[in-house]
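The values are calculated or read from the model by the stated rules, or taken from the named source; none is laboratory data. Worth saying up front: this structure is predicted, and the values here are computed from it rather than measured. Note that we place each Cβ from the backbone using ideal geometry, even for glycine, and neighbour counts take in every protein chain shown.
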Amino acid sequence: MKLSNKSISKNNEIREIRQKITKLLRSDLSYIMIYGSVARREKIKKDVDIIIAVRDALDVSSVKYEIEKLLFDKNREKGNILDSILFFIENFVGMNKSTVYICNKSDLEKADFDKIFCKTRPIISSCILAPKTYILSGLKQDGKILYGNKKLLKEWNIKIRNSDRLRGFIRSMLFNFIALLVFPILKKKSVEYSFYSIKSGILDSYTMNRGAPPKNILSCYKFFYKDNMCRQHLNNFENYRKGLPNRVNVIKTFIFLIKIYWFYEGV
């Protein structure tokens, strides 16, 4: 199969990231893992999310600055005060972009959510509100090991917890509430936040009803196709991901989130 220029570019970027990290950490490095849309090889433009695990004897905070500087500092631009506020909000609710998480080897091997995601980024809302078992299940299914034991993710034993339904609901509602707040001044950001809440609701609802995250977007369509409201939001979200014209109503999204978390059982 012939790769597109975008695919080749992204593959080269991932290869370069792996080379940079291995050269920097050398024998201290245990694992490099990518996850999300890049690991799923989606054709739309997305940021690269990375988990790096170092040997257990190493303090992760001692290498955090060097790794982040190596991977991201050159691409970051200084914004105004509003940009800084939005950056804080996005991190506060766990809406991270091009993020690197650093943990110790045993943390990743034990699938310890708090130590993987909160050790170097101890944002209290991300640690408390995150539907941990949903996220770990997604990592197990879509994650890709670039360095280390390739069979690690298959060895994870993740059991979906009912308590994560409430966490996921609060997080998605918080995304949409922020969308409502910023709408008068930043309509584009408002749409982005609202669709992020829709995405979270779709993935969480599927996961909590089926016990595992969807393998692809087609799985979600089959799951929601009998419900007009769910199907409409899913279509709108797909159009948004592809950069096509779309509409989003923040109030209707609130209703959608309540339904999808508490009253929808799928087909």
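Might you let me know whether the range 185-192 holds any residue that is of a type in the set (S, T, N, Q), touching a helix residue (DSSP H, G or I) at 6+ places or on another chain (Cβ under 6 Å) and either in a helix (DSSP H, G or I) or within 17 Å of N246 (Cα to Cα) (or both)?
yes
Kindly list, by first and then second residue, each pair from a residue in the range 51-62 that is farther than 11 Å from L25 by Cα and touching a residue at least 12 places away in the same chain (Cβ under 8 Å) to a residue that is of a type in the set (K, R) and in a strand (DSSP E or B), limited to pairs with Cβ atoms under 6 Å and residues at least 6 apart or on different chains.
Pairs that qualify, where the first residue is farther than 11 Å from L25 by Cα and touching a residue at least 12 places away in the same chain (Cβ under 8 Å) and the partner is of a type in the set (K, R) and in a strand (DSSP E or B): there are none.
Scan I145, I102, I128 and give me the residue that is part of a helix (DSSP H, G or I) and either β-branched (V, I, T) or modelled with pLDDT under 95 (or both).
I128
Could you say which residue among F224, F254, F237, F175 is surrounded by 15 or more Cβ atoms within 10 Å (Cβ to Cβ), modelled with pLDDT of 90 or more and within 30 Å of F113 (Cβ to Cβ)?
Only one candidate passes the filter, namely F254.
If you take the residues of the range 148-163 that are modelled with pLDDT of 90 or more and outside any loop (DSSP other than H, G, I, E, B), which of them is surrounded by the fewest Cβ atoms within 10 Å (Cβ to Cβ)?
Here the answer is K154.
Quick test for you: out of I202, I258, I217, pick the one residue that is more than 20 Å from L129 (Cβ to Cβ) and outside the structural domain of G36 (by TED's automatic domain parsing).
I217
Would you call M229 under 20 Å from the mean Cα position of the chain (by Cα) and either among the aliphatic types (A, V, I, L, M) or loosely packed, with under 15 Cβ neighbours inside 10 Å (or both)?
no
Out of (1) under 30 Å from K110 (Cα atoms); (2) free of Cβ contacts under 8 Å to residues at least 24 places away in the same chain, what's the single condition that is false for I160?
(2)
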